[in-house]
Amino acid sequence: MMIITDHMDRLQSLEVFIAVAEAESFAEGARRMGLSAPSATRGVNALEGRLGVRLFTRTTRRVRLTEVG
């Protein structure tokens, strides 16, 4: 069961990453996914932690993909 949950968490983190990247906004990406902005941020942070890279450059007004992202 733990393996299935871990895979689902990873899948959701990827889905959140894609939504945020397309929207160029954590708030809008989260809205599209039916999540809160803090949940989307946690999902992307978890993905970045697993990969060991920064996927986004964040400012107060915009989110942009890094070269790696």
Could you state the angle between the C-alpha long axis of helix 37-51 and the longest principal axis of the C-alpha atoms of the chain, as a value from 0 to 90 degrees rounded to the nearest 10?
70 degrees
Tell me, what is a quarter of the convex hull surface for the C-alpha atoms of the chain, in nm² with one decimal?
4.5 nm²
Would you calculate the separation in nanometres between label points at Glu28 and Arg61, each defined as 7 Å from the Cα along the Cα-to-beta-carbon direction?
1.4 nm
Less than 14 Å Cβ to Cβ from Gly29, Lys/Arg counted +1 and Asp/Glu -1: what total charge do the surrounding residues give?
+2
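Whenever you get a sec, compute what percent of the accessible area on the chain sits on carbon and sulfur atoms (1.4 Å probe). Mind dumping the intermediate values first?
On the way: 2760 of 4840 Å².
Exposed carbon and sulfur together represent 57 percent of the surface.
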Mean ellipticity per residue at 222 nm, deg cm²/dmol - from DSSP H runs of n ≥ 4 across the chain, formula -39500 (n - 2.57):
-21500 deg cm²/dmol
Rounded to whole Å², per residue accessible area for the chain with a 1.4 Å probe reads 70 Å²
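The values are calculated or read from the model by the stated rules, or taken from the named source; none is laboratory data. Just so you know, these numbers come straight off a predicted model, no measurement behind them. Note that we place each Cβ from the backbone using ideal geometry, even for glycine, and neighbour counts take in every protein chain shown. Note: areas computed on protein heavy atoms with side chains; ligands, DNA, RNA excluded. Shrake-Rupley method; radii C 1.70, N 1.55, O 1.52, S 1.80 Å.
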